[in-house]
Amino acid sequence: MTGASDVAMFFRSIVARAYPRVVAANRQKSWVFFDMAFPMIGTLAMVFVYEGLHAPHQFLGFVVMGGGMLAFWQNVLWSMAAQFSWDRDNGTLELYAISPTTFESILLGMAVGAMFTTSMRAGAIILIGSLLFGVTYTIGGLLPAAGIFLLTLSALYCLGMLLASLFLYYSREAWHLSNALQEPVNFLSGLYFPVKALGAYVGGFASLVPLTLGLDAMRQLLLPHTPRFLAPGWEALAVALQIPIFAFLAYVSLRHVEGRARRDGKLISKWS
């Protein structure tokens, strides 16, 4: 195939893989409810804790925004990182391996479809939480916060592509790895409290997850008197740098897995 046809195939594969994500997510109405209800339950619990402690009102805003971003991290873990492992079990991964497209286009299609549906869920969580608890935002920070939000999503889903190949190659059971990464990242990313509370060393380590700095920057721009871990500009720059780093690591890892699949004729776990 020519270079132009390769590029066309790449983008057609993204659209084709994104389409079922968008359609299937809204076909089962109970999924829509639970996708919003589960993050909202944790958000409500932390709101009541802060209210019981008579914490400053802006802490409620920290919790509401964290609950919205939690939906994206759950989506990266369960609908992207673990997906190839599940595809291997149901027999579709081999079809991806022998198709004329690439694993990157398949994963990007998953990301685009998931980003669309999860943004609707996260938006509903933030809207409902803000109205229920009277959270107000700085209007002037909306535009730069939206830019940082897009950077954060790009870095998160590049990380998801890397995790997809690692989950597939190193473990038989992606379910346990997803569970293992859930709560530590919820804590280290400061979903329900300012990142500055973690301190310089722990906060610096937690910054390896794009959600940490991205969420902290958005809070500083939208919520007054947010304790500053780093200036929003520096945090946005760090998240932007993570995008090509995770994308390159994902490319190398996927090429290794794909090469092994084509060589051996099947995709198996390293420990099978």
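The values are calculated or read from the model by the stated rules, or taken from the named source; none is laboratory data. A quick note: this is a predicted structure, and the numbers were derived from the prediction, not measured. Note that each Cβ is placed from the backbone with ideal geometry, even for glycine, and that neighbours are counted across all protein chains shown. Each accessible area value is taken on the protein alone, full model and side chains, heavy atoms only, with ligands, DNA and RNA left out. Shrake-Rupley method; radii C 1.70, N 1.55, O 1.52, S 1.80 Å.
Looking across region 53-109, the residues that are within 17 Å of residue 18 (Cα to Cα) and among the charged types (D, E, K, R) come down to 87, 104. Looking only at region 118-141, residues that are touching a Ser or Thr at 6+ places or on another chain (Cβ under 9 Å) and open to solvent by less than 40 Å² (accessible area, probe 1.4 Å) come to 4 in all.
Within region 97-111, the residues that satisfy the criterion of being over 16 Å from the mean Cα position of the chain (by Cα) and open to solvent by 40 Å² or more (accessible area, probe 1.4 Å) are 98, 100, 102.
Quick grid of which residues meet (1) closer than 20 Å to residue 219 by Cβ; (2) of a type in the set (S, T, N, Q):
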site	(1), (2)
65	yes, no
88	no, no
92	no, yes
101	no, yes
104	no, no
108	no, no
122	yes, no
135	yes, no
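For region 162-178, state whether one or more residues are free of Cβ contacts under 8 Å to residues at least 12 places away in the same chain, part of a helix (DSSP H, G or I) and open to solvent by 40 Å² or more (accessible area, probe 1.4 Å). Yes: region 162-178 contains one or more residues that are free of Cβ contacts under 8 Å to residues at least 12 places away in the same chain, part of a helix (DSSP H, G or I) and open to solvent by 40 Å² or more (accessible area, probe 1.4 Å). Scan region 72-96 residue by residue and report those that are open to solvent by 10 Å² or more (accessible area, probe 1.4 Å) and either assigned to a helix (DSSP H, G or I) or in contact (Cβ under 8 Å) with a residue 12 or more places away in the chain (or both). Residues satisfying the conditions are 74, 75, 78, 79, 83, 86, 88, 89, 90, 94, 95, 96. Scanning region 189-219 for residues that are more than 19 Å from residue 158 (Cα to Cα), surrounded by 13 or more Cβ atoms within 10 Å (Cβ to Cβ) and without any contact (Cβ under 8 Å) to a residue 40 or more places away in the chain yields 195, 196, 198, 202, 203, 204, 216.
Is it the case that some residue within region 170-179 is closer than 24 Å to residue 145 by Cβ and modelled with pLDDT under 90? Lay out the reasoning, then the answer.
Of region 170-179, the ones closer than 24 Å to residue 145 by Cβ are none.
So far as region 170-179 goes, no, none of its residues is closer than 24 Å to residue 145 by Cβ and modelled with pLDDT under 90.
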